[in-house]
Structures are given as structure tokens and as C-alpha cells.
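Undergrad: Below is one structure. I have some questions about it.
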Amino acid sequence: MEALDKLKERFPQAVLGEETSCGQAMVYVDRNYLLEVMKFLHDELGFDHLADLGGVDYLGWKGKGKKPERFEVVYNLYSIGKREFLRVKVPVPEKDPWVPSVTKIWQVANWFERECYDMFGIRFKGHPDLRRILMPEDWKGYPLRKDYALQPEEEWPEYDKVRAKARELCRYEWGDRKVREG
Amino acid sequence: MAPTVEVVQKQCGHPEWEEPFVVNMGPQHPSTHGVLRLYLELDGENVVKCDPRIGYLHRGVEKLSENMTYTQAMILTDRLDYISSAANNVGYCLAVEKLLGLEVPRRARLLRTIVCEMARISSHLLWLATHALDIGAMTVFLYCFRDREWLLDIYEKICGARLTVSYPRVGGVRLDFTSEIIDELYKFTEEFPSRILDYETLIDVNRIWLKRTKGIAVISAEKAVNLGLTGPSLRGSGVPYDVRKFKPYDAYDEVEFEVPVGKIGDTYDRYRVRMEELRQANRIIRQCLDKLSETEGEPVVAEEAPDLLMPEKKKTPQAVPHPKKGFLVKGAEVPVVPEGEVYVSIEAPKGELGYYIVSDGSGKPWRVRVRAPSFVHISSIPELIKGHMVADLIAVIGTLDVVLGECDR
């Protein structure tokens, strides 16, 4: 692929490896060089559409392909002008999970990165407003990590408040029907 | 306190008026199309700051799918964009088929294209109905629902469900169309273009409609791409990006249709684009129906497609290797998907709907990520509302056509 060759030529030290899966090209990039690589892809190779950004947790991975680090952040890029697709993957170690933020290149990355932080606990350096997005702000743990149980034993502490509120509301009559004790 | 006193105080720089006025719009507001909550800071009626807060409908679809087999996880996709569930199913099936390397029979591809376009029409009709209602045109609402009901009845005849259809399956579709359904669809496609004209006479040159939509939430092409807008919201700005044309799937390479684009990128342009898409969708359905007669009696499921049987409840839920098809879990065959990863996107009615699936070579997906157009579109509201008033916010939410089930997943 032409874009991939150009990328390797320009940043030989940043490209960790390449692969093809189901006919889609993938390239592994070192996170320290990610920002320059992305800028190059956006400005010079015309990948103007960041189709998707998400994390993957490879804890306990049983597949054949070796995964050097626990997490990977995946960028699916598309060039509307050239009709080209490229997937950029960034390995992220478990101990210090951070990735540079690409919000300055693609504004759409803002919420994608917030979601990735919310679900995996990966911090995006340079993000303007990194807080939880889908889960409540005082939620503990990162739900899409593989060591997070599907049904955790602990309850979200706020449920008590919600129940107390429901009980309080039960004291009032709503029209002709009474709210059931909850 | 009389309003005049307030105004005077404000002009004098009274400390109480220095702070912005904070309003929470939603999550129960009827015009936010679900449980969208907008945290607003206002200066009079002007929006100073807008911060959408989502997550009220988060059901953990991605986490749930990791704990299900590939065939079981498909029903979860119905619940993403529940207005056009058939399109969601098709996207998921295409991704799994690509991992499996399955070839879908032609008749199944045609049938899928038909249900996808039906989903587009019913979604756009619901959009037009609610958008017009929000802006103040009540009549359109009832007419749109009349036609949408017709489509839902056809869905019911096809598969028994009206909203969460689960009609496509990995490797094809569940059932073939009966001749009764095909007749009904012919009748619909015959009638529908005149119905579109009816809607247009109601609002196209309506003075209130024009005042509420023209020049509202204008977005340039470059900015729209950078914000990640897709679908009609992007095409309203003049970018002809349509996944059906750029990366054709199913039978879209066989049919003829045009991709309508707007000029300025305001709310009115996006309205025009969607109205034109209704016509094109009708045209696609018509062509597919004509082609269906060529493939009469052909299979609608690929031969190697995985079984649809649900696992039986047995006392020994141990996995037993099966010589040919993989593993037997709890009595039913679970399709084993080869290791790999794939990103497949389709043109859902709302925009580009993408599925990124990672498989580790077992019967359950390792990771399913849904790229939901509504999620991206809601993130662009603060950008679109810059310099507008609270009333325009309703128009902006309407014009982006968001569904919170898809946004929160």
C-alpha cells in the first residue's frame, strides 16, 4: 500500500510492524511518535476522516498473534478523497497507560478518547477535557477491561441515594394512585 | 422583582447577574429525542456554553457481546438504533461474514438491501415527523406516522417483529419474502413518491419552516469532516461521502441511485438531502424488487453459515470439540470464527455505522466496538450551536437526527 510505504519511509523508527487482516492494512506505531505520525497521515496523506477510535484489552489473550502489551488503542482512518483505509494500532503497557491525544488533528477524537478513558482507563495526554462520559463520574473501575466482571458484586454507592429518594417520594400521593414502596 | 429592575441591575453590573444562568435541558425533555441531557450556560436566550451529558441509556452492549456467541450477540444490535434495526443487523452480519470469509447468496443480498432501505425510509419519516413537530409544524407528524405504520406492517409480515426485527443473520437472511410481501412493497413504492410530494407541499415553502431552518447551524465541509459528521448531516455540507457508493456492500453495486448533496450546510440543506434520500431509497427498493424475480427459488442463506440454534440447557455445559464445525457448547454448535480483526461500516440512516470486531479464534468475540453515528453527532452539538439561541438548539438536535440508544450503547 502506497500510504504505508510513505509512512515507513518518513518514520522508520516509529513503525513497529505491519499486518493485514481480512484485507485491511494495519500498522503498529510507537506511542512516543504517534502525534507526528498522525499529523503526517492527516496533512500529507489525506486521511481526513477518523472513522473510529477505540481500545482493546488483551489480558488473557489466547490467539496466535503475540500481543506485547496489555492494551492497544486502535485508530481506523479513512481518506474520503483517495478512498483509502488504514488502521493504526498503538500498544499501551498496563503499568503506565497513556497515549498522546489527537484532538488537535481531528476534533471528533474528543469524545472517542473520553470514552476510551472511561472504559479502559487509558489516559490521553493533552486532552482538553478528560472525564468519564458514559458511566457516572464517581464510578469505580473500568468496565471494558477483561478483569472487570460482567456483574460485579459491589453496587454503585449512588443506588442508596436513589432508593432513599424513591422512598421519600412514596410518602406523597400522585393523583389518584400511590407510588409503590420501592 | 419586576423585569425592568432586573435589566437595570444587569446593566449596572450587579454581582448576582455576573454569573451565567445554568439550565439543564433534559434528560426528560420531549424535544431531546430520548434521554439526552444538555448542560447549558445562558446569557439571556443566547447559548454561551453547551455541554451534552450522555450515558442515561448505557446498557453495556459492548461488554455483553464479549460474553455471548456471535449469533447471540446479533440481537443486541437491534437495540442500538431501534428505529432502523435492520440496518444495524446488516452491519454486524457483514463484519462477522468478513471474518468468516462467507459469501452471501445474491437473493439474500437483495433482500437485505430492501430491508435496509425500508429502514432508511422509516427512520427518515420518523425524523421528519419529530423534527417538524419540534419546530412547530404539527400536521406533518400525523401524515408521516401513517406511512411509517405501513412500513412497520410490512416488517411484521416479513419477520413477525415491527421494530427489533433481527431479520438478517450471519450468512444471509432468516426467511424468504412471500409473494404477498412483494405485492405489498410494489404497492408501497408506487404510492410513496406522491406522499413525499405531500410532505413537501406542507413545509417546503412554509414561512415559519424556512425561518427556523435557513441559516441555522451552518457548517462548512472541511469542518464537518473534521468533526466526524457522516450521513445526511455531512452531505448537507456538500461532501458526497456515502458508504454505499464508496465501499459498496450487499447489492448496492447492482442498483442505480444518486447521492444528494447540499450547498451551504445549514439545517434546511440537511432537510432537503434527507427528503431526496427518501426518493432514492424508494428507487432502490423498486430496482431490488425487479431483480428478485430473477433469483426466484434460490437459497437465502449461505450453505456454510453457522447454526442459529440456541444453546440447550443441559447439566454438563462442557465444550466438546466437533470434527467439522468447531465446538459444541451446551448442545448447539457454536460457530468458530477465525482469528483476525475487521472494521466494517455501512451507511445507516443516521450516518456511518461501523463495527470493529476482534476475534481470538473462539466462539465468542474478543471485542466488539460500535462506531455509532449518533455518538459523534451529539459531540458536535457544542460546535453547531455557537452563536445561536435556545430555540435553535431544538432545531440542531432535530437536524442531526440522533438516537440515544445508539449513542449510549
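The values are calculated or read from the model by the stated rules, or taken from the named source; none is laboratory data. This one's a predicted model, so the numbers in the text were calculated from it and none came from an experiment. Here the Cβ positions follow ideal geometry from the backbone for every residue, glycine too, while neighbour counts run over all protein chains shown. The area values use the complete protein model at the heavy-atom level, side chains included, leaving out ligands, DNA and RNA. Shrake-Rupley method; radii C 1.70, N 1.55, O 1.52, S 1.80 Å.
Undergrad: Which whole-Hz couplings ³J(HN,Hα) result when phi for each residue of region A:106-114 is put into the Karplus expression 6.51 cos²θ - 1.76 cosθ + 1.60, θ = phi - 60°, listed in order with x for Gly and Pro?
TA: 10, 5, 5, 5, 3, 6, 4, 5, 4
Undergrad: Which positions within region B:241-263 get 20 Å² or more of their accessible surface covered by the other protein chains, compared to the chain by itself, with a 1.4 angstrom probe?
TA: Residues passing the criterion (a loss of at least 20 Å², heavy atoms only) are B:Tyr241, B:Phe246, B:Lys247.
Undergrad: Which of the helices in chain B, when you take each full DSSP H run, stretch at least 27 Å along the axis at their Cα atoms and have an average Kyte-Doolittle score of 0.0 or higher?
TA: Within chain B the helices that satisfy the rule are B:106-135, B:138-159.
Undergrad: Taking each pair of different alpha-carbon atoms in chain A once, compute 1/r for the pair, average those values, and report the inverse of that mean as the Kirkwood hydrodynamic radius in Å to one decimal. Mind dumping the intermediate values first?
TA: Values: mean 1/r = 0.0529 Å⁻¹.
Value: 18.9 Å, from the Cα pair sum.
Undergrad: How far apart, in nanometres, would the label points at A:Glu137 and B:Lys247 be if each is projected 7 angstrom from Cα along the Cα-to-Cβ direction?
TA: Distance between the two pseudo-spin positions: 3.7 nm.
Undergrad: Shifting gears a bit: What whole-number distance in Å separates the alpha-carbon centres of region A:56-77 and region B:332-409?
TA: Answer, in whole Å: 21.
Undergrad: If you don't mind, there's one more thing I want to ask. Please compute P(r) over all alpha-carbon pairs of the protein assembly as shown, binned at 20 Å starting from zero, and give each bin as a whole-number percent.
TA: Bin by bin from 0 Å, the calculated values are 19, 52, 27, 2, 0.
Undergrad: May I ask you to derive the FRET efficiency for A:Asp129 and B:Arg146 from their Cβ-Cβ distance with R0 = 60 Å, giving the value to the nearest 0.05?
TA: Details: r = 44 Å, r/R0 = 0.74.
The formula returns an efficiency of 0.85 here.
Undergrad: Right, another one. Using a 1.4 Å probe on protein heavy atoms only, how many Å² of accessible area do B and A hide from each other, summed over both chains and rounded to 100?
TA: Its buried surface, counting both partners, is about 4000 Å².
Undergrad: I've got another one for you. May I ask you to evaluate 6.51 cos²θ - 1.76 cosθ + 1.60, the Karplus curve with θ = phi - 60°, for each residue of region A:117-127 and list the ³J(HN,Hα) values in order in whole Hz, giving x for glycine and proline?
TA: Along region A:117-127, the couplings run 5, 4, 8, 10, x, 8, 8, 9, 5, x, 6 Hz.
Undergrad: Per residue of A:66-75, what is the mean number of Cβ atoms on other protein chains within 10 angstrom of that residue's Cβ?
TA: 1
Undergrad: I'd like the accessible area for B:Asp250: 1.4 Å probe, protein heavy atoms, all chains in place, Å² to the nearest 10.
TA: Looks like 10 Å² after rounding.
Undergrad: When the accessible area of region A:2-136 is computed with all protein chains present and a 1.4 Å probe, what percentage of it is carbon and sulfur? Don't jump to the answer; show the numbers that get you there.
TA: On the way: 2590 of 5420 Å².
About 48 percent, which is the carbon plus sulfur part of the accessible surface.
Undergrad: Between exposed trypsin sites (Lys or Arg not before Pro) in chain A, where DSSP calls loop and at most 12 other Cβ atoms lie within 10 Å, what's the longest gap?
TA: The segment A:1-61 is the longest one with no such site.
Undergrad: If I fit a long axis through the Cα atoms of helix A:158-170 and take the longest principal axis of the Cα atoms of chain A, what angle between them do I get, 0 to 90°, rounded to 10?
TA: With both axes taken from Cα atoms, the answer is about 30 degrees.
Undergrad: What percent does the relative contact order of chain B come to when contacts are Cα pairs within less than 8 Å and at least six residues apart?
TA: In percent, rounded to a whole number, it is 24.
Undergrad: Each label point is 7 Å from the Cα along the Cα-to-Cβ direction; what then is the distance between the points at B:Val23 and B:Ile182, in nm?
TA: 5.5 nm
Undergrad: While we're here: Based on a Kirkwood Rh over C-alpha pairs, give the Stokes-Einstein translational diffusion coefficient of region B:109-171 at 25 °C and viscosity 0.890 mPa s in µm²/s.
TA: Estimated via Stokes-Einstein, D reaches 196 µm²/s.
Undergrad: Now for a different question. So what are the ³J(HN,Hα) numbers for region B:373-381, from phi and the Karplus equation (6.51, -1.76, 1.60; θ = phi - 60°), rounded to whole Hz, Gly and Pro as x?
TA: Along region B:373-381, the couplings run x, 5, 4, 5, 5, 5, 5, 8, 4 Hz.
Undergrad: Pairs to check: A:Lys95/B:Lys223; A:Lys125/A:Lys146; A:Lys140/B:Lys247; A:Lys95/B:Lys350; A:Lys67/B:Lys350; A:Lys6/B:Lys63. Give those whose C-alpha atoms are more than 31 Å from each other in this structure.
TA: On the way: A:Lys95/B:Lys223 37 Å; A:Lys125/A:Lys146 23 Å; A:Lys140/B:Lys247 41 Å; A:Lys95/B:Lys350 39 Å; A:Lys67/B:Lys350 35 Å; A:Lys6/B:Lys63 37 Å.
Correct reply: A:Lys95/B:Lys223; A:Lys140/B:Lys247; A:Lys95/B:Lys350; A:Lys67/B:Lys350; A:Lys6/B:Lys63.
Undergrad: Report the gain in length on full extension from B:Met68 to B:Lys211: 0.36 nm times residue separation, minus Cα-Cα distance, nm rounded to one decimal.
TA: Extra length available between B:Met68 and B:Lys211 comes to 46.5 nm.
Undergrad: Label-point separation (nm) for B:Asp290 and B:Lys263, each offset 7 Å from Cα along Cα-to-Cβ?
TA: 3.2 nm
Undergrad: Ok, one more. Just from the alpha-carbon atoms, what are the Rg and Dmax of chain B in angstroms?
TA: Over chain B's Cα set, Rg and Dmax evaluate to 23.4, 85 Å.
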